[in-house]
1. Need one number: nm distance between label points at Arg120 and Val74, each 7 Å from Cα along Cα→Cβ, rounded to one decimal.
2. Which entry is the computed Cα extents along the principal axes in Å for this structure: (1) 177, 50, 41; (2) 60, 54, 42; (3) 52, 48, 37?
3. Could you report the accessible area of Asp46 in Å², rounded to 10, computed with a 1.4 Å probe on the protein chains as they sit in the structure?
4. What is the angle, in °, between the Cα long axis of helix 3-30 and the longest principal axis of the Cα atoms in the chain? Nearest 10 is fine, range 0 to 90.
5. Under the classification rounded if a/c is under 1.5, otherwise prolate if a/b is larger than b/c and oblate if not, where does region 123-172 fall, given a ≥ b ≥ c as square roots of the Cα gyration tensor eigenvalues?
6. Taking Cα atoms, how many degrees apart are the long axis of helix 96-131 and the longest axis of the chain, rounded to 10 and kept between 0 and 90?
7. Compute the orientation-averaged projected area for region 24-116 from the convex hull of its Cα atoms and round it to one decimal in nm².
8. What full-extension length gain, to one decimal in nm, is calculated for Asp240 and Leu275 as 0.36 nm per residue of separation minus the Cα-Cα distance?
Amino acid sequence: MTPRTASTAAALVLAGALAGCSRGDARSVAGPRPVPVRAERAVEKDVPVEVRAVGRIVANQSVAVRAQVSGPIVAVHFTEGQQVKKGDLLLEIDRRPYAAALAGARARLEQDRARAENARADAKRYAELVEKEYVTRQQHDAARANAAALDATVVADQAAVDRAALDLSYCTLRAPAAGRTGRLLVHPGNLVSSGAQEPLVTIEQVKPVFAAFSIPERHLAALRGRVTGLPVRVRPAGGDADVEATLAFMDNAVDAATGTILLKARVENEDEALLPGQVVDVFLRIAERSRAIVVPASAVASGQQGDYAYVVSAERKAVLRPVVVQQAGDAETVIGEGIAAGELVVTEGQLKLRPDAPVELLGERPAPGTGDGGAKGAAR
């Protein structure tokens, strides 16, 4: 290599080294790359104060249909799960033995009526004869007693007829209330007994229904004087749509074992979307919180030191703020301390942040005439 070639190579190496140092200095001056995040402003507004509880749907009326007379079932006039009205025919029990018993009771009644009528006539004749001393007073009194006894027998016979007619009517089972029938537990041909505990079918009134739930006793002060009419939201377990309801009942005592009180909310349930026994989430509005600071629920996270959120400063840096949550909802969270109205809170991208890290707000439009660099510069 000639001296001139060697000097040229040395100059190229020196230039490359200087260029590398220049790029490194530029990166150090620019600082760390901004973290892309999404943010929304905290707002001040009035929000309802709600108590959340887990409840269960109960029927407005539940009737267990049982046999009041014994005999075989001869006919079923409904299908399982059918909507029935009060008085609709449900089941029939063999009525022949009870019809025969009614006929016998009526015959005895007529027989005793005839005997009673004859005894009353004898008593009347004896009353006339005793005045003329044709019969003794003892005979007259015996005739009167016989007539009175037969009159009482007629009354007993009439009661027996009424009872037999009632038993005959029990052979026809009708719906005692409107509602939806459950499954039939005894089918035609089976013998049923009047003393059986097992019902033949159960009718549940599902329009309306009630959501039964319990809340801690510390909320009683807010409910005092406002037992009925408070708005309630009912959400079926696993569902995403709320059903409107109103508070209709509060128990008259606190459960000493749990420290809670039982409440019921009335749900009209016109579409029969809720069924008795179904588990639901219940949200009871007990008050209104005025001028509350509200942020999206995704802006608040929990750590070892408690709840916190990231706020975007005027210099577009992430500021870690401990917060006090007053009320947490599915979409919004009410902040008691830590964030002021109008501040930007990070709602997406918090996992990549650290305190004082520069941020880039996603969704911001750069100023006209600037490229991506302009948008990033504004973010910084």
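The values are calculated or read from the model by the stated rules, or taken from the named source; none is laboratory data. No experiment lies behind these values; they were computed from the predicted model shown. Here Cβ is always computed from backbone atoms with ideal geometry, including for glycine, and neighbour counts include all displayed protein chains. The protein model used for the area step is the full one, side chains on, heavy atoms only, and it has no ligands, DNA or RNA in it. Shrake-Rupley method; radii C 1.70, N 1.55, O 1.52, S 1.80 Å.
1. For the pair Arg120/Val74, the computed spacing is 3.8 nm.
2. (1)
3. It works out to around 90 Å².
4. With both axes taken from Cα atoms, the answer is about 40 degrees.
5. Prolate, since a/c reaches 1.5 and a/b exceeds b/c.
6. 40
7. Answer in nm², one decimal: 19.3.
8. 10.9 nm
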